[in-house]
Amino acid sequence: MTLLVAVTWDPQPWVERFKLYLPEHPVVVLGEGFDRSRVRYVATWGPKPGSLSDLPTLEAIFSLGAGVDHLMGYPDLPDVPIVRVSQDDLTHRMSEYVVMHCLMHLRDQRRYDAAQRARTWDNENTPPIAGDVRVGVMGFGVLGQDAARKLKMMGFDVAGWSRTPKSVEGFEVYSGDDGLERFLARTDILVSLLPLTPETRGILNASLFAKLARDGRLGGPVLINTGRGKLQVEADILAALDDGTLKAATLDVFEVEPLPQDSRLWTHPRVTVTPHNSAVSDPDATARYIAKQIRRHEAGEPFETLVDRVRGY
Ligand code: NDP
Ligand code: OXD
């Protein structure tokens, strides 16, 4: 039985890795001729509408990334388990990104980049140390907790926010609507690692920014969004930067991707833009993870990272 690769980018690296790690399963590619009646698994990112229908022997759909919002809104999504990728390669990439950008804001690196370009010896400022800065990680799941642990190692004062109450050793974890205001009130750097769901869409907006701590050592709150672009209201981010509600922002994800040429975010002096690459899915590590899940399934064991369609993540 077959594994179907349905991606919007070059499928070849994926096909090679799946053949390597699942030699017993023929691998086919959407858009090339194949027998739909033999497809047992789909590995996909952003499948075209209609492309996953009419697969009568399908047993599971694997998202090629950690997020599954690209599947949740998909019309006629087959009623089979959806499994997301959660493996160390991706997790470590994300934590590297989060730690780097928290340190960049801590040390006001953008200011020194500008000073260097202007050949200015700007030696007036004594930045705080990490222990003086409170980071709030919104979305305290696999990625949020790994980033939090590494931020803590650097000395930051870190707390988390999740949908459901949880206890995670070493961290104060706030949850739900009740915990949100208290969480924001103690946050100088807000790191968003939330999934995009109907509940989280647009959550990074003017009203939320106004609730962030104003007594911190950075001279104003900072936003780092590396979850999903549609969590954020970009007009509100720009307005908050302009009126001082936010001091700075690092954005890896955008309402529309690629970020449109005319967006003011490209040129804003206090915005750092990266092209949704904080934690890319490495084909080798991802295919190994999916092969492991398929082996578990075929041995009668449950998938490790099953998506809950009602929650949406
Ligand atoms: P997890 O499912 O492990 O964690 C999600 C976290 O978000 C959980 O703590 C969950 O709460 C929380 N959450 C969900 N809904 C809400 C809500 N309404 N209110 C409060 N908290 C909520 O996911 P991962 O950590 O693996 O990934 C998180 C997201 O990161 C992905 O969905 C994806 O969008 C993004 N991502 C971005 C990448 C990039 O390159 N920019 C790369 C990879 C992922 P609870 O614990 O209670 O369930
Ligand atoms: C993911 C992503 O969800 O790369 O894995 O955005």
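The values are calculated or read from the model by the stated rules, or taken from the named source; none is laboratory data. The model shown is predicted, which means the values in this text are computed figures rather than measured ones. Cβ coordinates were reconstructed from backbone atoms using ideal geometry, including for glycine residues, and neighbour counts include every protein chain displayed. These accessible areas exclude ligands, DNA and RNA; they are computed on the full protein's heavy atoms, side chains included. Shrake-Rupley method; radii C 1.70, N 1.55, O 1.52, S 1.80 Å.
Could you figure out which of (1) more than 29 Å from residue 44 (Cβ to Cβ); (2) assigned to a loop (DSSP other than H, G, I, E, B); (3) in contact (Cβ under 8 Å) with a residue 40 or more places away in the chain isn't true of residue 272?
(2)
Looking at (1) outside any strand (DSSP E or B); (2) open to solvent by 20 Å² or more (accessible area, probe 1.4 Å); (3) closer than 24 Å to residue 90 by Cβ, which is the one condition that is false for residue 173?
(1)
Restricting attention to the range 278-306, report how many residues are in a loop (DSSP other than H, G, I, E, B) and of a type in the set (Phe, Trp, Tyr).
So the first thing to find is which residues in the range 278-306 are in a loop (DSSP other than H, G, I, E, B), and the list is 278-282, 299-305.
Within this subset, residues satisfying the condition of being of a type in the set (Phe, Trp, Tyr) are 303.
Number satisfying all stated conditions: 1.
Looking only at residues in the range 140-165 that are under 24 Å from residue 196 (Cα atoms) and open to solvent by 80 Å² or more (accessible area, probe 1.4 Å), which one is farthest from ligand 2 (Cβ to nearest atom)?
Checked the range 140-165; the qualifying residue farthest from ligand 2 (Cβ to nearest atom) is 165.
Select from the range 238-255 the residues that are of a type in the set (Val, Ile, Thr) and either in contact (Cβ under 8 Å) with a residue 60 or more places away in the chain or within 15 Å of ligand 1 (Cβ to nearest atom) (or both) and list them in ascending order.
250, 253, listed by residue number.
Looking at the range 37-72, which of the residues that are basic (Lys, Arg) and open to solvent by 70 Å² or more (accessible area, probe 1.4 Å) is nearest to residue 283 (Cα to Cα)?
By that ranking, first place goes to 48.
Check whether at least one residue in the range 82-97 is surrounded by fewer than 17 Cβ atoms within 10 Å (Cβ to Cβ), away from ligand 2 (no atom under 16 Å from the Cβ) and at pLDDT 95 or above, and report yes or no.
No, the range 82-97 has no match at all.
Please find, among 74, 112, the residue that is away from ligand 2 (no atom under 14 Å from the Cβ), closer than 30 Å to residue 150 by Cβ and of a type outside the set (Asp, Glu). Spell out how you get there, then give the answer.
On the way: 74 fails: closer than 30 Å to residue 150 by Cβ.
Selected residue: 112, the only one of 74, 112 that is away from ligand 2 (no atom under 14 Å from the Cβ), closer than 30 Å to residue 150 by Cβ and of a type outside the set (Asp, Glu).
How many of the residues in the range 196-215 are out of contact with any Leu (no Cβ under 8 Å at 6 or more places or on another chain) and away from ligand 1 (no atom under 16 Å from the Cβ)?
First, the residues of the range 196-215 that are out of contact with any Leu (no Cβ under 8 Å at 6 or more places or on another chain): 197-199, 205-207, 210, 214-215.
Still in the running and away from ligand 1 (no atom under 16 Å from the Cβ): 206, 210, 214-215.
Counting residues in the range 196-215 that are out of contact with any Leu (no Cβ under 8 Å at 6 or more places or on another chain) and away from ligand 1 (no atom under 16 Å from the Cβ) gives 4.
Residue under question is residue 40, and the condition is that it be within 26 Å of residue 312 (Cβ to Cβ), within 16 Å of ligand 1 (Cβ to nearest atom) and among the basic types (Lys, Arg); does it hold? Write out each step before concluding.
Values: within 26 Å of residue 312 (Cβ to Cβ): yes; within 16 Å of ligand 1 (Cβ to nearest atom): no; among the basic types (Lys, Arg): yes.
Here the answer is no, as residue 40 does not meet what is asked.
Would you mind listing the helices (runs of 4 or more DSSP H) fully within the range 28-137 where at least 3 residues are β-branched (Val, Ile, Thr)?
Values: elements: 69-72, 88-106, 109-117.
So the answer is 88-106.
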